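S.K.: Just dropping this structure here.
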Amino acid sequence: MPLNTIRTIVFALPALLLASAASAHTGEGINTGFASGFWHPILGWDHVVAMVAVGLWGAFLGKPGIWVLPIVFPLVMAFGGALGVLGVPIPAVETGIALSGVILGLLIVFAVQAPIWIAAVVVGVFAIFHGHAHGGELPEQFSAYGYAVGFVIGTGLLHLVGIALGFLTRSSVGTMAARGIGGAIALVGAAFLFGLA
């Protein structure tokens, strides 16, 4: 299969799934779910730490990782969100979300320099869990389009926070601080994993 065809399928599939899911809800217009979708990732610490970690790890990886990871995550998350809206079950969603904080945090702590495709797969797997949680919590009265746009933008802003923190890596002291932030992210993830948060 040609690479352009694969790219088209990857980019079109989440939109198609969200479009079919939207017909099952009564919300009118994109604005009816936007605010709810936007605040959902920002108000949940388990989501916040993982999404900041994506941007921060991307900064540790350098170009093109600093931009690839924050693009892969929302795209795959939209697919996971569509699965959640459609009610497609995924086992251990909350465990996957908590593990995303632990593992991404540890990748930052140890400044792991994975090949970009492996980093994208790791981030994409975790994005499925986060997206499923967002999609599964779509209120019935809201537009799936508005909600999806909201949680993708909210997620993107959290990635930008991680990228901004990544500028710390330009100095040795800043790199130590960024790795410390990774440790804090891993601890928050562990707190959720073991039911302490």
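The values are calculated or read from the model by the stated rules, or taken from the named source; none is laboratory data. Quick caveat: nothing in here was measured; it's all calculated off a predicted structure. Don't worry about glycine lacking a Cβ; one is built from the backbone with ideal geometry, like all the others, and counts go over all protein chains shown. What goes into the accessible areas is simple: the full protein's heavy atoms, side chains included, and nothing from ligands, DNA or RNA. Shrake-Rupley method; radii C 1.70, N 1.55, O 1.52, S 1.80 Å.
S.K.: Only residues that are touching a residue at least 12 places away in the same chain (Cβ under 8 Å) and either under 19 Å from Ala191 (Cα atoms) or open to solvent by less than 30 Å² (accessible area, probe 1.4 Å) (or both): list them for the range 40-49, please. Write out each step before concluding.
M.R.: Of the range 40-49, the ones touching a residue at least 12 places away in the same chain (Cβ under 8 Å) are 40-42, 45-49.
Within the range 40-49, Pro41, Ile42, Trp45, Asp46, His47, Val48, Val49 qualify.
S.K.: Still on this structure, please answer the following. If you go through the range 50-74 one residue at a time, how many are closer than 15 Å to Ala133 by Cα and open to solvent by 10 Å² or more (accessible area, probe 1.4 Å)?
M.R.: Just the residues of the range 50-74 that are closer than 15 Å to Ala133 by Cα, to begin with: 50-51, 73-74.
If we keep only those that are open to solvent by 10 Å² or more (accessible area, probe 1.4 Å) as well, we get 74.
So the count comes out to 1.
S.K.: If you go through the range 138-151 one residue at a time, how many are at pLDDT 80 or above and either part of a loop (DSSP other than H, G, I, E, B) or among the hydrophobic types (A, V, I, L, M, F, W, C) (or both)?
M.R.: Looking only at that region, the number is 3.
S.K.: Going by the conditions given, is Leu158 surrounded by 14 or more Cβ atoms within 10 Å (Cβ to Cβ) and under 17 Å from the mean Cα position of the chain (by Cα)?
M.R.: Details: surrounded by 14 or more Cβ atoms within 10 Å (Cβ to Cβ): yes; under 17 Å from the mean Cα position of the chain (by Cα): yes.
Yes, satisfied.
S.K.: Tell me yes or no: at least one residue of the range 94-110 is at pLDDT 90 or above, part of a loop (DSSP other than H, G, I, E, B) and under 24 Å from Ile66 (Cβ atoms).
M.R.: Applying the first criterion (at pLDDT 90 or above) to the range 94-110 yields 94-110.
Subset that is part of a loop (DSSP other than H, G, I, E, B): 110.
Adding the requirement that they be under 24 Å from Ile66 (Cβ atoms) leaves 110.
Yes, the conditions are met somewhere in the range 94-110.
S.K.: Restricting to the range 179-197, count the residues that are in contact with a Phe, Trp or Tyr (Cβ under 7 Å, 6 or more places away or on another chain) and over 20 Å from Ile97 (Cα atoms).
M.R.: Going through the range 179-197 one residue at a time, the tally reaches 0.
S.K.: Further, regarding this structure: Which members of the range 159-197 meet the condition of being in a helix (DSSP H, G or I) and farther than 20 Å from Ala111 by Cα? Break it down stepwise before answering.
M.R.: So in the range 159-197, the residues in a helix (DSSP H, G or I) come out as 159-170, 172-193.
Within the range 159-197, Ala191, Phe192, Leu193 meet the criteria.
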